[in-house]
Amino acid sequence: MKLPFRGRIARPKLKTPEDRMTLTDHLAELRMRIIRIVLAVGLGFILVLTFYEPVLGFLKHPYTAYCKSHAATCQPNLVFLSPLSGFTTRISIASYAGIFLAIPVILWQLWKFIVPGLHPNEKKYAIPFIFSAVFLFLLGAFIAYISLEPALSFLISWAGKGTTATFTVNDYVGFVGLMTAAFGIGLEFPLLLVFLMLVGVISYRTLLKNWRYAIVGIVVIAAVITPSGDPFSLFALATPMLILYFVAALVGMRIQKKRERNEAEEQAVGV
């Protein structure tokens with residue numbers, strides 16, 4: 001007698017918003033989503049570990065480019081200070097880069113987990129939010145990368161004349177990772193504003209009315225979350241955040257106008 005395969009728990013399909021998943025169903029769903037996220041991160045980890053040298057060269061490029069024009073004050077070769085540092089650095093870079101590469105999968109799995117609890121009018125915004133979140137994070141990472149060389153130039157210059165910059169691999173890669181995370185998360189801020197407007201916490205009129213305070217607040221936030229603290233990185237992060245602030249206000253205005261028009265049409269039909 002052939003026994004049924006029990007390796008995977010079938011997920012209940014919710015046909016209507018009134019359907020509800022039990023606690024066991026939620027846990028099974030969560031387990032499946034976590035497994036897929038771990039597999040995506042693991043695949044990214046293996047991929048980066050396989051192509052470690054090109055990845056390390058890509059990360060080092062802003063630093064080596066600076067050292068070429070400032071040979072007297074900069075040592076282009078990164079160093080490590082313990083026998084295990086080389087191994088731990090390789091594992092750290094592969095881990096962080098694996099998470100970075102898996103961000104689209106992570107966001108998609110999170111969306112698929114919460115979508116059963118959303119109403120139909122809320123689900124239509126989910127996919128644009130996912131794509132926007134991925135795009136804005138990648139845009140922030142790109143801006144951070146092109147800002148590394150002037151940021152390093154500013155920071156190294158503070159050591160004064162007669163000094164030579166020599167960084168360990170761990171310190172440099174950690175700095176690059178912090179810059180990437182800060183810029184990526186910073187550019188997600190306008191997306192949060194759009195979400196707050198969707199749920200009715202704030203309105204686009206509030207954003208446009210308080211734009212002066214927003215400019216000051218964004219500059220302060222950029223100064224706080226920028227790891228280097230240099231003016232170049234501050235300007236590079238604050239400028240797109242300011243632009244996206246007004247883009248978020250325009251998106252909120254369009255959503256609000258459409259919502260008001262639909263409500264007016266429903267009231268007209270009801271009358």
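The values are calculated or read from the model by the stated rules, or taken from the named source; none is laboratory data. Remember, it's a predicted structure, so these values are computed and weren't measured experimentally. We place every Cβ from the backbone using ideal geometry, glycine too, and count neighbours over all the protein chains shown.
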For region 72-85, state whether one or more residues are modelled with pLDDT of 85 or more and small (Gly, Ala, Ser). no
Return the residue satisfying two criteria in turn: it lies in region 73-89 and is surrounded by 18 or more Cβ atoms within 10 Å (Cβ to Cβ) and not polar (S, T, N, Q), and of such residues it is farthest from GLY174 (Cα to Cα). CYS74
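Yes or no, residue by residue, for (1) in contact with a Gly (Cβ under 8 Å, 6 or more places away or on another chain); (2) closer than 25 Å to LEU148 by Cβ:
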| position | (1), (2) |
| --- | --- |
| VAL173 | no, yes |
| ILE225 | yes, yes |
| SER233 | no, yes |
| ASN262 | no, no |
Test: residue in region 4-13 that is part of a helix (DSSP H, G or I), surrounded by 13 or more Cβ atoms within 10 Å (Cβ to Cβ) and either in contact with a Ser or Thr (Cβ under 8 Å, 6 or more places away or on another chain) or at pLDDT below 80 (or both): no
Region 202-241, subset of a type in the set (S, T, N, Q), outside any helix (DSSP H, G or I) and touching a residue at least 12 places away in the same chain (Cβ under 8 Å), residue farthest from ILE255 (Cα to Cα): SER228
Would you confirm whether or not region 202-215 contains a residue that is among the aliphatic types (A, V, I, L, M) and closer than 15 Å to GLY186 by Cα? yes
Only one of VAL194, VAL220, VAL201 is modelled with pLDDT of 80 or more and either among the basic types (Lys, Arg) or surrounded by 14 or more Cβ atoms within 10 Å (Cβ to Cβ) (or both). Can you tell me which? VAL194
Any idea which of (1) in a helix (DSSP H, G or I); (2) small (Gly, Ala, Ser); (3) loosely packed, with under 15 Cβ neighbours inside 10 Å is the one GLY174 doesn't satisfy? (3)
